[in-house]
1. Quick one: in the range 66-92, which of the residues that are among the polar types (S, T, N, Q) and out of contact with any Phe, Trp or Tyr (no Cβ under 9 Å at 6 or more places or on another chain) is nearest to MET164 (Cα to Cα)?
2. Does ALA417 satisfy the condition of being closer than 27 Å to VAL488 by Cα and surrounded by fewer than 21 Cβ atoms within 10 Å (Cβ to Cβ)?
3. For SER640, are the conditions met, namely being hydroxyl-bearing (Ser, Thr, Tyr), surrounded by fewer than 17 Cβ atoms within 10 Å (Cβ to Cβ) and touching a residue at least 12 places away in the same chain (Cβ under 8 Å)?
4. Need a quick list: strands (runs of 3 or more DSSP E) entirely within the range 235-327 having at least 1 residues that are among the aliphatic types (A, V, I, L, M) and within 24 Å of GLY108 (Cβ to Cβ).
5. Just checking, how many residues over the range 408-456 are part of a helix (DSSP H, G or I) and acidic (Asp, Glu)?
6. Scanning for something of a type in the set (D, E, K, R), touching a helix residue (DSSP H, G or I) at 6+ places or on another chain (Cβ under 8 Å) and not in a helix (DSSP H, G or I), does the range 183-200 turn up at least one residue?
7. So, in the range 534-566, of the ones that are more than 27 Å from SER593 (Cβ to Cβ) and of a type in the set (Asp, Glu), which residue ends up nearest to the chain's Cα centre (by Cα)?
Amino acid sequence: MSEPYPNLFKPLDLGFTSLENRVMMGSMHTGLEDTRDGFEKLADFYAERARGGVRLIVTGGISPNLRGQLVPFSSRLSSPWQVHKHRRLTSAVHDAGSRICMQILHAGRYAMHPLALAPSAIRSPISPFKPRAMSSGQIERTINAYVNAAVLAQKAGYDGVEIMGSEGYLINQFICRRTNRRDDDWGGSFDNRIRFATEIVARTRQAVGAHWIIIYRLSMLDLLDDGSSWDEVVLLAQAIEAAGATLINTGIGWHEVRIPTIAAMVPRAAFTWVTARLRPSVSVPLITSNRINTPQQIEQILAAGDADMVSMARPFLADPTFVEKAKQNRSSRINTCIACNQGCLDRVFRKQLATCLVNPRACHETELIIRQTRIPKKIIVVGLGPAGMAFASVAAERGHVVIAYDAAGIGGQLNLAVKIPGKGEFEETLRYFRHAMEDAGVDLRLGQSLSARQIRSTETDAVVIATGVSPQMPAIDGIEHDKVVSYVDVISGRVVIGNCVAIIGAGGIGFDVATLLAEQGWPQDPQGWLQAWGIDAQYRGRGGLLERPQRIETARKIYLLQRKPSKPGATLGKTTGWIHRSSLRNAGVEMLSGVKYERIDDQGLHIVHEGKSCVLDVDHVVICAGQIPNRHLADELADSGMLVYLIGGADKAVELDAERAIRQGVELAAKI
């Protein structure tokens, strides 16, 4: 049988060592780095990915000194006494047959504390603290801190380091003239501005020797006004190679930039063209990154010669066995990252531990353990939305006899989500759970409903109710009018919406409906998407930006309304909410807060906004005003004496929270 992905599994020769495959687990902060006993859990986290076939892992960012910490008390490696805990990571990964590099990251002006230092005293828009401009002595001491961190990492057993030179952190701040206003030897000319980066790499190479991995993450596309030009990117890459880097990794965009780079609405592999463009100009292997989540994609990128290696981070949260499944030609069984950011980045920004919407075991490997059951039970599951599918697949995997019913089919509300532009990745989740249930031996009874009477008459050890939610209709005069439809009617395509529409409810579902109705002019191809967000794939200007984004026109007039006086979409994810708002504004959607709904009649929707009464002459009013749990079946079984569990939306209807639903399903299955 031929190798399914020959380029993916072709060894990469680094001269002094060879990597078994072309996949790197890229750096991503999990929060475990900064918690008490977190390194013990982090060791299990990385070891599980190593056992799953990853042969090169990069840690989350570790600061080289106190001032470089992103937040107070975050992890750093600056003293010999800190080496011991890092050895736990390296030993665990080595025992699993893989290599691990430590990322050295200095926050610079992105630091969330008053000790922040930067090339110039220019405050970042994403930090409340204005940094102090570094003195020449502080620059030298900081370079020495990078080198010291690398030497300590070598003592801790790491196979190398990644020097973080992108995403707008300190090194990037020196390189970009927007943030470097110095007039000494570290500023002004381009050669001076890149000196900080090249000195760090060169001195690190001298300190660690020739046979140790140094990855440099280079900002190939700043997406920033007055960012680096393409010629400067090339010159920097060549200088970094000459300084002694083993590999160069691709960095896309600064964190302060309002252009999405890794969210679900970004087309897959949208930025590999940047890496491909640089490849003829350097000799060291190049790693590409951002929105790559399937083996097929990796193979295509490598076969086309766009990169020598592919970096993925979140896909290894979703499935630690990604590489092994690809090698076994079982890619249909990969639990694919959907780039939702809900379980990972949004949590980290809330100072919580990262996990994964589709894999709640991520970063909880030592707590949420799936073991074979000693006492198999017969379990009935009613409802196969996210919670029901997660429970059924894991419970059956453990050895329980699971019979699962759904009056329609699998997926529940995920079948609506996949119809929303930018949420098509949920198709991968449906595919994964379909196979997971089949492989585990779940007895699927699709197209069949089950009454309380039938359940009472069945011999079973437990009943799991995962019947989801129903749309809630608000108390508005005229709510029964023909103009009124629910979000289910719209997303499922049961009604054809007119050219003027009002959406009541500006939470996640309201934004989804607005996105669906505004999609007419939004480009679906990668090139069109880049232009719509103002990205110049020809790289003619600084930062890779067009003079102005392409204006998206929609044929509909759309009002997105909410009662709350807060900003529309305030409950959306921190890392994606701004993207949704920007997309809708670009499409001409009018968003109103603090709205009082008076009535709905033939004239339209009567509202009061900012103290003024008006009528929105709309063809339809779409209700996205929340949900109510479908728990009547559980209520009917309340006095049955049977063991009944409620999970997912049937337990608690809070928007459409697939993360909570899947987590509940897996947690119950692990302990039942």
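1. GLN69
2. Working: closer than 27 Å to VAL488 by Cα: yes; surrounded by fewer than 21 Cβ atoms within 10 Å (Cβ to Cβ): no.
No.
3. Values: hydroxyl-bearing (Ser, Thr, Tyr): yes; surrounded by fewer than 17 Cβ atoms within 10 Å (Cβ to Cβ): yes; touching a residue at least 12 places away in the same chain (Cβ under 8 Å): yes.
Judged against the criteria, SER640 is a match.
4. Fully inside the range 235-327 and qualifying: 247-252, 286-288.
5. 4
6. Yes, the range 183-200 has at least one match.
7. Top of the filtered list is ASP536.
Listed here are the residues, each with its yes/no results for (1) of a type in the set (Phe, Trp, Tyr); (2) in contact with a strand residue (DSSP E or B) (Cβ under 6 Å, 6 or more places away or on another chain); (3) at positive phi.
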{"position": "ILE215", "(1), (2), (3)": "no, yes, no"}
{"position": "SER229", "(1), (2), (3)": "no, no, no"}
{"position": "LEU235", "(1), (2), (3)": "no, no, no"}
{"position": "PRO260", "(1), (2), (3)": "no, no, no"}
{"position": "PHE271", "(1), (2), (3)": "yes, yes, no"}
{"position": "GLY305", "(1), (2), (3)": "no, no, yes"}
{"position": "ARG314", "(1), (2), (3)": "no, no, no"}
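The values are calculated or read from the model by the stated rules, or taken from the named source; none is laboratory data. Since this is a predicted model, take the numbers as computed values, not measurements. No Cβ is skipped: glycine too gets one built from the backbone with ideal geometry, and neighbour counts run over all protein chains shown.
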